[in-house]
Amino acid sequence: MQIRQPIVAVLGHVDSGKTSLLDKIRGTGVQAREAGGITQHIGASFLPTETLKKVCGPLFAKMGGENQEIPGLLVIDTPGHEIFTNLRARGGSAADIAILVVDVNRGFQPQTNESLKILQNRKVPFVIALNKVDMISGWKKNPPTKFISQSVKEQDPFVQTALDELLYNVVGTLSVLGYNSEAFYRVKDFLKEVAIVPVSARSGEGMPELLAVLVGLTQQYMQKKLDQTEKQTRGIVLEVKEEIGLGMTANIILIDGTLKKSDTILVAKRDSVIVTKPKAILLPKPLDEMRDPRDKFRPVNEVVAAAGIKIASPDLEGVLPGSPVYATTDESKIEEFKKLIESEMKSVFIKTDTKGVILKCDTIGSLEALTDMLKKQNISVSTADIGPVTRRDVMEALAIKEHDRHLGVIIAFNVKILQDAQEEAEANHIKIFHDQVIYSLIDNYVNWVQDDTANEENAIFQELTPICKFTFLKGFVFRKNNPAVFGVLVDAGVLKQKVSVMNSDGRKIGVVHQIQENGKSVDVAKKGKEVAVSIQNVTIGRQISEEDVLYSFPPSPEAKLLLKTFSHKLSPEEFQTLREIIEIQRKVNPLYAY
């Protein structure tokens, strides 16, 4: 058998110590580099067998390492469960095993639960790293050993009891979630029980045992999965970027097979499959050789899985992060792989006529994870796509909102909101839920729906264009254009920023950009107030003149709602102004507010 090293993912709650744990794993390897060293790959750290032997000591043989066929571990060092959602592969996960980091004093937190859901969905076995044991009250620091089993024996009895209690809190939580678990030194069957390893990312205690458990599990139970005999060369794109001197490059985790410079590579863009040959395959040099950033990589002609690599090719622009990579020397297989990638992309992107939320994400993995979580909460999705939030997305949400205000929203994960989209969303009261943490993104949306449903009448009314009538004061021109700034008196209703304005002929003048009172910016101006307003793209003396009477200009559906449904919320003066607006507009558009 030709065995590759297992791919290990690290995930957990945002402040559970994932990054520190990865740093400690890498640091441990650097310290042991005279015995084999550690190579810093793209998005992954490779710990060869010699390094593991040195770190784990006698535990290495005890956990089955003496018959070691697994050539080390490839630890994915892009911490954060959002990145892990990228590590998808056809039919499951690109990660073979995971370390789920749990803060010993806080136990399971929202992101821990979410990480566990991702592991369940992808059917990935995992080990719990119960981190920050050195933060337990009374813990004796600076132990003479890095072995947690030895370190625990040296603690006072009350500290040992405290650790056991905290450990069994996690055992209890996992039991409720359907898992049998136990401290690794009490596990009788690693296939049936989740091993919990107490660790300190700060002191390094527990690191030998954590790595030994990973070696043992992968050695005993994963040889068939890791066997490379007749495995197709495949990988996953982590990110695509332009590099000086190299042009377009892709950082890739090679999952299976051997990638050669002469291979034909197939990767996915949004609407097509790219077939190309790599201009270069680059391997990062070991950590201790990476002093000069201009010389971080060495070109190679081939690389064997599993590995973190960089490939350069001018055809890589627009390739999707999280998408699959296939490589072959057999020309007859190109069409087969092309169809495989196309079918995989079709299953991820959604574009339907059904009414549902609009979902925009940064990568295929996060798109897939969010779509899955929304469906589990019975939230329908009309569009699921990669890329920034655009004006077109807002217009689609607006059309959906006319039928269902709770589905006419945009859920954006880790992407930019383009300026014209932001402006359009504000003008039309389209909610954009934007976050970099999946669980809080969905929670925020669900909580908003609950609150909005409870106060629906007020919520709808608050979004409608406020009714207002105001007069351009003579002698108060502060700027003629770009933008026009002038003084007004509010005659009726409430004048607000971002509100469309029309004249007494029913012609739209523009949008109130800013309101100032006594030199200070204000959001609203009520009846009787004299304030300065600014409006873009108008010139005083052309589209607008002193002593003009101006009105707020609600779109026809909003005017209809105000007239038919919310007239009881308008003052008599506002209602009269609304009647004036409708009367003026019906001379231009007879169907206005019908």
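The values are calculated or read from the model by the stated rules, or taken from the named source; none is laboratory data. Just so it is clear, the structure is predicted and the values come from calculations on it, not from any experiment. Note: ideal-geometry Cβ built from the backbone for every residue, glycine included; neighbour counts use all protein chains shown. In case anyone asks, the SASA skips ligands and DNA or RNA and just uses the protein heavy atoms, side chains included. Shrake-Rupley method; radii C 1.70, N 1.55, O 1.52, S 1.80 Å.
For the stretch 218-352, what does the convex hull of the Cα positions come to per residue, in cubic angstrom?
Numbers: hull volume 17.9 nm³, N = 135.
Spelled out: Cα convex hull of the stretch 218-352, divided by residues, is 132 Å³.
Rounded to the nearest 10 Å², what accessible area does Phe461 show when all protein chains are kept and the probe is 1.4 Å?
About 50 Å², rounded to the nearest 10.
Counting only the heavy atoms of the protein chains, how much of Glu69 is accessible to a 1.4 Å probe, in Å² to the nearest 10?
Counting only protein heavy atoms, Glu69 exposes about 90 Å² to solvent.
What residues have an amide H closer than 5 Å to that of Lys529, excluding those fewer than 5 places away on the same chain, when H is modeled at 1.01 Å from N in the peptide plane?
Residues meeting the criterion, in which the H sits 1.01 Å from N, are Val490.
Mind listing the phi-derived Karplus ³J(HN,Hα) values for the stretch 4-17, rounded to whole Hz, using 6.51, -1.76 and 1.60 with θ = phi - 60°, and x for any glycine or proline?
Once θ is set to phi - 60°, the couplings for the stretch 4-17 become 9, 6, x, 9, 10, 9, 10, 8, x, 5, 4, 10, 7, x Hz.
Sticking with the crude label model, points 7 Å out along Cα→Cβ, report the distance from Lys375 to Gln232 in nm, one decimal please.
Once both label points are built, they end up 2.2 nm from each other.
Using a cut-off of 15 Å between beta-carbons, work out the net charge of the residues near Ala559 (Lys and Arg +1, Asp and Glu -1, Ala559 not included).
+2
If ligands, DNA and RNA are left out, what is the accessible area of Arg298 with a 1.4 Å probe, given in Å² to the nearest 10?
Surface open to solvent at Arg298 totals about 110 Å².
Please give the calculated 222 nm ellipticity per residue for the chain, where each DSSP H segment of at least 4 residues contributes -39500 (n - 2.57) and the sum is spread over every residue; nearest 500 deg cm²/dmol?
-9500 deg cm²/dmol
Binning at 5 Å from 0, report for the stretch 470-594 what percent of all alpha-carbon pair distances ends up in each bin.
Pairs per bin, as whole percents: 2, 11, 21, 24, 19, 13, 7, 2, 0.
For the pair Ser440/Arg542, report the inter-label distance in nm, with labels modelled 7 Å from Cα in the Cβ direction.
4.7
So, for the chain, what is the accessible surface per residue at a probe of 1.4 Å, expressed in square angstrom?
Details: 26890 Å² over 594 residues.
So the chain comes to 45 Å² accessible per residue, rounded to a whole number.
Compute the separation of the alpha-carbon centres of the stretch 384-442 and the stretch 112-179 and state it in Å as a whole number.
Taking the Cα centre of the stretch 112-179 as reference, the centre of the stretch 384-442 is 40 Å away.
Under 11 Å from the Cβ of Val171, count the other residues' Cβ atoms, weight Lys and Arg +1, Asp and Glu -1, and hand me the total.
So the environment of Val171 carries a net charge of -3.
Which peptide among 199-211, 111-123 comes first, and what is the full order, when sorted by highest mean count of other Cβ atoms within 10 Å?
The densest-packed peptide leads the list: 199-211, 111-123.
Relative to the first principal axis of the alpha-carbon coordinates of the chain, what is the inclination of helix 157-176, with its axis defined by its Cα atoms, in degrees from 0 to 90 and to the nearest 10?
Approximately 60 degrees, to the nearest ten.
Using θ = phi - 60° and the Karplus relation 6.51 cos²θ - 1.76 cosθ + 1.60, list the HN-Hα couplings for the stretch 325-331 in order, rounded to whole Hz, with x at every Gly or Pro.
So the Karplus estimates, Gly and Pro as x, are 10, 10, 9, 7, 9, 8, 4 Hz.
Measure up Lys241/Lys346; Lys310/Lys431; Lys224/Lys339; Lys62/Lys261; Lys224/Lys261 against 32 Å on the Cα-Cα distance and list the ones that go over.
Distance filter (> 32 Å) returns Lys310/Lys431; Lys62/Lys261.
Count charges around Ala183 for me, please; just the other residues with Cβ under 13 Å from its Cβ, Lys/Arg as +1, Asp/Glu as -1. Write out the running numbers ahead of the final one.
On the way: positive: Arg186, Lys188; negative: Asp164, Glu165, Glu182, Glu193, Glu209.
Value of the local net charge: -3.
Please report the carbon-and-sulfur percent of the accessible area for the chain; probe 1.4 Å, protein heavy atoms only, DNA, RNA and ligands left out.
49
Over the Cα atoms of the chain, compute the convex hull volume and normalise it per residue, giving Å³.
For the chain, the hull spanned by Cα atoms encloses 211 Å³ per residue.
Measuring from label point to label point, each 7 Å out along Cα→Cβ, what is the His403 to Ser262 span in nm?
Going by the 7 Å Cα→Cβ label model, 5.6 nm.
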